[in-house]
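The values are calculated or read from the model by the stated rules, or taken from the named source; none is laboratory data. Since the structure is predicted, the reported quantities are computational estimates derived from the model, not experimental observations. Note that each Cβ is placed from the backbone with ideal geometry, even for glycine, and that neighbours are counted across all protein chains shown. Heavy atoms of the whole protein, side chains included, go into the accessibility calculation; ligands, DNA and RNA do not. Shrake-Rupley method; radii C 1.70, N 1.55, O 1.52, S 1.80 Å.
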Amino acid sequence: LSGKGGVGKSTIAANLAVSLSLANKKVGLLDIDIHGPSIPKIFNLEDNNITSRGDSLIPIAVSANLFVMSIGFMLPDQNTPVIWRGPMKYNMIKQFLMNVEWGDLDYLIIDSPPGTGDEPLAIAQLLEGADGAVIVTTPQQVALTDVRKGVSFCKKVNLPIIGVIENMSGFVCPHCGQITHIFKSGGGKKMALDMNIPFLGTIPIDPGIVDACDLGKQYLQHYNENQTGKSFENLIRIMLEFHKT
Ligand code: ADP
């Protein structure tokens, strides 16, 4: 979840899925951002359409371990806006949860649209026993205020909170290595501490993420050795510890 758009939620969902699949886990990635699905773009799958078998929808296989389903695969083209009311969204999400032939998954990661609207509510109502929500934010106050709403939302709908990730937290100069905190830093951690929820870690601003996303490459598959890759690795490890408990 995230309070705002553009904070890197889809990027993190995609890289979390890639990382787990590279660790030989079977992973499903479900994009329910009905108004702005970005997962097809991140995986360079924009030309794919959904196929079905009987009543079941077949997810797109990115690799032997990673399967993707997105509302984006059902839209006639990328420029067509989806104008759906709550009940239509609810039914679509229900179909995604019940009728997709995921196979035997170790993890299902759901990329929800920003805010606390119909989509995350549908997930909270339909998915019993979810491990919980990961809330992605950036360090500015405006983004952090929205996270508080996300936290209250999770508490209201009884969705456990796995923790908060502060993305775009500082820029490491590729020339001198010095960190500039363009959007400040540390706000996510402080807020998590104040609200008594786990802080999972930070990811720096990295132009390589933008390039990877624009080219439809999966960042972690190509750059897992650098500082950003290590930041991802660290927070995924903390998330998995939560999963075990
Ligand atoms: P959201 O899902 O929250 O709307 P996205 O994951 O689509 O956000 O990210 C928005 C844009 O920001 C994308 O172009 C993405 O490549 C870029 N981005 C995300 N995280 C980072 C980062 N840590 N460094 C640089 N660019 C990033």
- Query: Quick check: is even one residue across the stretch 44-56 surrounded by 22 or more Cβ atoms within 10 Å (Cβ to Cβ) and in contact with a strand residue (DSSP E or B) (Cβ under 9 Å, 6 or more places away or on another chain)?
  - Reply: no
- Query: Within the stretch 204-245, which residues are assigned to a loop (DSSP other than H, G, I, E, B) and either open to solvent by 50 Å² or more (accessible area, probe 1.4 Å) or of a type in the set (F, W, Y) (or both)?
  - Reply: K217, Y223, N224, E225, N226, T245
- Note on the structure: Of the residues in the stretch 1-25 that are among the β-branched types (V, I, T) and in a helix (DSSP H, G or I), the one that is farthest from the ligand (Cβ to nearest atom) is V18
- Message: Any residue that is within 16 Å of the ligand (Cβ to nearest atom), touching a residue at least 12 places away in the same chain (Cβ under 8 Å) and closer than 30 Å to K190 by Cα - is there at least one of those in the stretch 99-108?
- Response: no
- Report, by residue number, each residue of the stretch 26-40 that is modelled with pLDDT of 90 or more, charged (D, E, K, R) and within 12 Å of the ligand (Cβ to nearest atom). D31
- If you go through the stretch 110-143, how many residues are surrounded by fewer than 19 Cβ atoms within 10 Å (Cβ to Cβ) and within 16 Å of the ligand (Cβ to nearest atom)? 4
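Results for (1) over 16 Å from the mean Cα position of the chain (by Cα); (2) within 12 Å of the ligand (Cβ to nearest atom), shown as yes or no for each residue.
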{"position": "V147", "(1), (2)": "no, no"}
{"position": "V164", "(1), (2)": "no, no"}
{"position": "S169", "(1), (2)": "yes, yes"}
{"position": "G186", "(1), (2)": "yes, no"}
{"position": "A192", "(1), (2)": "yes, no"}
{"position": "P204", "(1), (2)": "yes, yes"}
{"position": "Q221", "(1), (2)": "yes, no"}
{"position": "E225", "(1), (2)": "yes, no"}
- Report yes if S2 is open to solvent by less than 10 Å² (accessible area, probe 1.4 Å) and not hydrophobic (A, V, I, L, M, F, W, C), otherwise no. yes
- Can you spot a residue in the stretch 173-182 that is assigned to a helix (DSSP H, G or I) and over 19 Å from I32 (Cα atoms)? no
- Given (1) closer than 20 Å to S21 by Cβ; (2) outside any helix (DSSP H, G or I); (3) in contact (Cβ under 8 Å) with a residue 24 or more places away in the chain; (4) not charged (D, E, K, R), where does T116 come up short, assuming only one miss? (1)
